[in-house]
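Read-outs throughout are calculated quantities, based only on the coordinates presented, and are distinct from any laboratory measurement. None of the values given here were measured: they were computed from a predicted structure. Cβ placement follows ideal geometry from the backbone for every residue including glycine, while neighbour counts extend to all protein chains displayed.
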Amino acid sequence: MEDDVSRFLVQMLKEARDRLAQVNDLAMLEKARLYYFGKKDGQLVALLKDMRSYDVKARQLLNQTKTELLQLFVNKRAALEEKALQDKLRQQSIDVSLLGRDTEVGRWHLITQQYRRLNRILAHLGFTIFEGPEIEDEFHNFTALNMPKHHPARSVHDTFYLNARPTVKQTPYLLRTHTSTIQIRFMKDNPPPFRVASIGRVYRRDSDLTHTPMFHQLEGLWIDEKVSFADLKGLLQVLLQSFFEWKKLDVRIRPTYFPFTEPSAEVDIQCQKCVGKSCRLCGYSGWIEVLGCGMVHPNVLDKMEIDKEKYTGVAFGIGIERLALLHHGLDDLRHLFENDWRFLGQFT
Ligand code: DAH
């Protein structure tokens, strides 16, 4: 009897080990548990019920087997739970080796980049930055700037008027054709001396390779006692040298006509491509025109009630797109406003 029980128990333990080795989830484990410990017909429970009929040795063996079997189940449960946890963690983990979805990082538009650089340079040169409205009236855009009624820029061919046929009483509003308007807006409220500059959008009825109906200008105005044309040249030279990051950049001044300056001049810079020699970009002249400037016309000072015996002024106006074109060697201005990321993304 003793031997039979002992053999049976050893066999049962071995079998239980094999059985548990096959178990790979908690449901199977529960099934196996019932097989041995099930209240009704669990194998071990049946033996335990008969325990009284066994001798001491057999009882000891039975108890020992029960403990071992229980331990087998405890271990198996722990192993299954651990495996389930690991599986879950694996599922939830982030695969850092997988390429992420690309997000584009925004950039400033090329014009904004130029704008910000120029503002910085102007601030270094002692200029206050000032902004004026894009919708203007004829007084600020033309009249106060000494542009007579018959000036061609006033024609509807060149200027966008907002009320096309103004009545006698109506003020004709328009989209400003240049940033020189800020001269008037600033001088009205600020007594000299001052240096003021403004960068903004301007509008003209014009569209081809080198003109767009909307573009940007920089306007500068410096009024003080004894400001001279030499000061203007020095100022523009430093401004352009800083902008083009070219210390020895040479500038050339040519006389021209603007209604609001006298004398007036156009300023050329050395062609960056051929360094003043001769190439296609500069029309084989070695020079490229970049801006207009001059001494503020006494009529403008008069209109603003500035004492023209005491003060003199210099002013200049620059097209930002033109600077950008030259700075980056671009050939078609319209690309700047087509908002094609492949083009704009090149400029960081
Ligand atoms: N307003 C002029 C234009 O749009 C540019 C300009 C020329 C501005 C001479 C100035 C200046 O201040 O002195 O063509």
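Dipole orientation for the chain: of the candidates 215, 297, 111, 111 has the Cα lying most toward the positive pole (charges on Cβ; Lys, Arg +1; Asp, Glu -1).
Summing Cβ point charges (Lys, Arg +1; Asp, Glu -1) relative to the Cα centre of the chain gives a dipole of roughly 980 debye. Each label point was placed 7 Å from the Cα along the Cα-to-Cβ direction; for residue 79 and residue 330 their separation is 7.0 nm.
Between residue 188 and residue 105, how high is the FRET efficiency from 1/(1 + (r/R0)^6) when r is the Cβ-Cβ distance and R₀ = 51 Å? Nearest 0.05. It comes out at approximately 0.75.
Residues whose amide H comes within less than 5 Å of that of residue 286, counting only those at least five positions distant or on another chain, are 279 (H built at 1.01 Å from N in the peptide plane).
Helical content alone sets the calculated 222 nm signal of the chain at -12500 deg cm²/dmol, taking -39,500 (n - 2.57) per DSSP H segment of four or more residues and averaging over every residue. Once the Cα-Cα distance is subtracted from the 0.36 nm per residue extended length, the residue 68 to residue 119 segment shows a gain of 9.9 nm.
Extension gain for residue 53-residue 201 works out to 42.5 nm (0.36 nm per residue, less the C-alpha to C-alpha distance). The Cα atoms of region 2-91 give a gyration tensor whose axes a ≥ b ≥ c have a/c of 1.5 or more with a/b greater than b/c, which makes the shape prolate.
Return the whole-Å distance between the Cα centroid of region 275-343 and the Cα centroid of region 86-115. Between the Cα centre of region 275-343 and that of region 86-115, the gap is 41 Å. Taking all Cα pairs closer than 8 Å and separated by 6 or more residues, the relative contact order of the chain comes to 14 percent. On the basis of the beta-carbon distance and an R0 of 25 Å, residue 173 and residue 151 show a calculated FRET efficiency of 0.90. Listed by chain and number, the lysines whose alpha-carbon sits under 19 Å from that of residue 226, ignoring those within fewer than 8 places in the same chain, are 308, 310. The peptide list 180-188, 65-73, put in order of mean Cβ contacts within 10 Å with the highest first, becomes 180-188, 65-73.
Straight Cα distances below 21 angstrom link residue 57 to the lysines 14, 49, 66, with same-chain residues fewer than 8 positions distant left out. Can you return the lysines within cross-link range of residue 149? Criterion is Cα-Cα under 21 Å, with same-chain partners fewer than 8 residues away left out. Residue 149 reaches 169, 303. A simple charge model with +1 on the Cβ of Lys and Arg, -1 on the Cβ of Asp and Glu and nothing else charged puts the dipole of region 2-91 at about 240 debye relative to its Cα centre. Cβ distances below 4.7 Å define possible disulfide partners, and in the chain the cysteines left without one are 293. Around the Cα centre of region 261-348, unit charges on the Cβ atoms of Lys, Arg, Asp and Glu (plus for the first two, minus for the last two) sum to a dipole of about 380 debye. Taking a ≥ b ≥ c as the square roots of the eigenvalues of the alpha-carbon gyration tensor, the chain is classed prolate because a/c is 1.5 or more and a/b outweighs b/c. In a DSSP loop and with at most 15 other Cβ atoms within 10 Å, the chymotrypsin sites (Phe, Trp or Tyr not before Pro) in region 231-317 are 246, 284. For the charge dipole of region 2-91, defined by +1 on Lys and Arg C-beta atoms and -1 on Asp and Glu C-beta atoms about the Cα centroid, which residue among 69, 85, 44 has the Cα displaced farthest towards the positive pole? After comparing all options, I get 85.
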